[in-house]
Amino acid sequence: MTTPTTYITTPIYYVNDRPHIGHCYTTLLGDVTARFHRLMDPTPGSTFFLTGTDEHADKVVTSAAAHNVTPLQWADRNAAEFEKAFAFMNASHDDFIRTTQERHKTKVLEYIRALQKRGDVYLGDYTGWFDASQEEYLTETAAKEANYVSPVTGVPLVKKTEKNYFFKLSAYESRLREHFAKNPEFVQPEARRNEVLGRLNELRDIPISRAITDDPTSQWGIKMPDDPTHRIYVWIDALFNYLSVVDTDARRKYWPASVHFIAKDILWFHAVIWPALLMALRESDPKYGFVQLPKTVYSHAYWVREGRKMSKSLGNFVSIEVLQAYAAKYGLDAVRWYLITQGPQGATDADFSHAKFVEVYNAELANGIGNCASRVSNMIEKYFGGEVPPRGSGDAFRFEAHTPTGTEVFDWSQLARDLSKRANDGLGLMQSAAALQCSVDLIRRVDQFINVTSPFKITKVMETDANAKASLQVILYQCAEAIRIASVLMSPAMPQKMAQLWQAWNCTPAAGASLADLCVFGGKHALQPGQKISKGENLFNRADAAEAPPA
Ligand code: MSP
């Protein structure tokens, strides 16, 4: 029996652009999801997370020439920028693919040969509207709808006819329909799935090559097998990255991908062209029998900035430098938290705004887990010498607080079970933001608990009242244990801050501990009475909304 694995990918980004919030967001989404999965199944190597760069675009040649370097030198320079940006974001990818690497180019040639062998590739004429900014052809209908300019960048489309090798995409319509019908989770969210289904009747065969001419631009790319006058279309070359990286004896176990994270701009390639290519490949040769279709293509919406679409012409991209300025001021994990919890994970665009950043930072971090952890550890330091107090006896993880308006029950065991289930369900749907929301809800509940039980008041009478002291011990134990669980749930988004808390509290999760076990209230990974915890440095200092945004 093979062990289940999780394989998470991001788009591979064009090296011509500078890394910005869009690239950082999708890679962060992959990162947080991968970190969650590594916690859910801590067997070493059970999760594989891939990101990288797409380097055979025509624009690379033009820009390289303008900078007096070769295309490869230009690609090297810019791929390094993406690697730096993702290292800065603390992305935990297991590999970084560059399409100019030999390991990728060799595999792409094998795949194209296999498609040819199957009879799915033929030479024909192609006429269409070319969007040079996106390296993509638009159909007549799509071009007309977009007013003959690029729907993504606004650059005018150009009508072109060329001899190309074609892939028989149209032959796959009914099988694609069948796949969509049988696998409702294949394209998410639902709105995006419907969009693709609505367009499946438009399937045409697609060019998978470009002619090579005297123009040096046309010479950049992987040559078609056995035909030096053609090179493989950059999009086909790029899609194969997901497979080429794991198509080795050691890594084949990761295929099929569990999720391809992308944004709505490149949905068609991933939801239609890619699965058809994979079906063709699987049937070309028994050695590709392992090539099942990816489980999910998750297509998120866009970040916009202060209510406006980000574009080159407006020059309003949230650049990596802007993200770095925010990180310098509020800490990288706060930036990760904001992006992942407020980002466009669903079908609606999300706005990057300083006001919203400060609001979320204060509510969920400074006044949320930060303040909560500091209040509780303060009291433990002050009243119990920094040692986790006893848990109490009996049904210790359920607290009945008697208030003037009635009795409020805090059933921590149940609550932790419910939240951990909700988090797991969210992760099953690739909804890391929903999983993280569980940690916020848990901290809110701790805050309510503190308000209702008023431990500060109890401290005033506890010297003379033994019951009061016992009650305070139980309250503080329960607060601290709930915060520990919340910190575990938050850790995929904020690995550094949560590690800082764990260090102060002496509760770094044991290697190999699973998310489910770590989230059991009072379970085997619980805080142990008597164990030392210290207040440590504040996790997050409050932010002032009136201050100018970092720049
Ligand atoms: N190279 C192709 C992808 C090939 S994948 C086999 C490409 N590259 S890209 O550099 O243009 O990156 C597009 C991706 O960047 C989007 O799908 C999305 O993941 C991310 N984003 C770019 N702008 C974005 C926003 N404004 N908001 C959120 N993410 C966006 O297309």
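The values are calculated or read from the model by the stated rules, or taken from the named source; none is laboratory data. Bear in mind the structure is a predicted one, so any value in this text is a computation, not a measurement. Positions of Cβ are generated from backbone atoms using ideal geometry, with glycine treated the same way; all protein chains shown enter the neighbour counts. The area values use the complete protein model at the heavy-atom level, side chains included, leaving out ligands, DNA and RNA. Shrake-Rupley method; radii C 1.70, N 1.55, O 1.52, S 1.80 Å.
Here are the numbers for this structure:
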| quantity | calculated |
| --- | --- |
| Filter result for D131 (in the same structural domain as S284 (by TED's automatic domain parsing), crowded, with 21+ Cβ neighbours inside 10 Å and charged (D, E, K, R)) | yes |
| Pair list, Cβ < 7 Å and 6+ apart or interchain, from segment 18-30 residues that are among the acidic types (D, E) to residues that are at pLDDT below 95 | none |
| Segment 197-221, residues that are farther than 17 Å from H56 by Cα, assigned to a helix (DSSP H, G or I) and open to solvent by 30 Å² or more (accessible area, probe 1.4 Å) | L197, G198, R199, N201, E202 |
| Count of residues meeting criterion [in a helix (DSSP H, G or I), open to solvent by 10 Å² or more (accessible area, probe 1.4 Å) and touching a residue at least 40 places away in the same chain (Cβ under 8 Å)] in segment 350-360 | 3 |
| Matching residues in segment 312-344 - criterion: being open to solvent by less than 60 Å² (accessible area, probe 1.4 Å) and in contact with a Ser or Thr (Cβ under 7 Å, 6 or more places away or on another chain) | I340 |
| Residue in segment 144-159 that is crowded, with 18+ Cβ neighbours inside 10 Å, within 16 Å of the ligand (Cβ to nearest atom) and within 30 Å of P225 (Cα to Cα) present | no |
| Where a residue in segment 246-266 is β-branched (V, I, T) and its partner, wherever it lies, is modelled with pLDDT under 95, with Cβ under 8 Å and at least six apart | V259/M430 |
| Pick from segment 273-315, criterion of a type in the set (K, R) and in the same structural domain as I262 (by TED's automatic domain parsing), ranking: farthest from the ligand (Cβ to nearest atom) | K287 |
| In segment 101-128, the residues that are within 30 Å of S46 (Cα to Cα) and open to solvent by 20 Å² or more (accessible area, probe 1.4 Å) | Q101, E102, R103, K105, T106, K107, L109, E110 |
| Selection status of A347, of a type in the set (A, V, I, L, M), in contact (Cβ under 8 Å) with a residue 24 or more places away in the chain and surrounded by fewer than 18 Cβ atoms within 10 Å (Cβ to Cβ) | yes |
| Filter pass, A238 being of a type in the set (A, V, I, L, M, F, W, C) and surrounded by 22 or more Cβ atoms within 10 Å (Cβ to Cβ) | yes |
| Every pair of residues 6+ apart whose Cβ atoms lie under 6 Å, when the first sits in segment 127-153 and is over 20 Å from N16 (Cα atoms) while the second is assigned to a strand (DSSP E or B) and aliphatic (A, V, I, L, M) | W129/L138 |
| Filter result for the condition that a residue is in contact (Cβ under 8 Å) with a residue 24 or more places away in the chain and within 16 Å of the ligand (Cβ to nearest atom), over I369, I320, I380 | I320 |
| Selection count, segment 66-91, where residues are on the phi > 0 side of the Ramachandran plot and within 29 Å of the chain's Cα centre (by Cα) | 1 |
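This table checks each residue for (1) assigned by TED's automatic domain parsing to the domain that holds C372; (2) under 30 Å from L427 (Cα atoms); (3) not charged (D, E, K, R).
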| position | (1), (2), (3) |
| --- | --- |
| D465 | yes, no, no |
| A468 | yes, no, yes |
| L476 | yes, no, yes |
| E481 | yes, yes, no |
| M490 | yes, yes, yes |
| M494 | yes, yes, yes |
| S514 | yes, yes, yes |
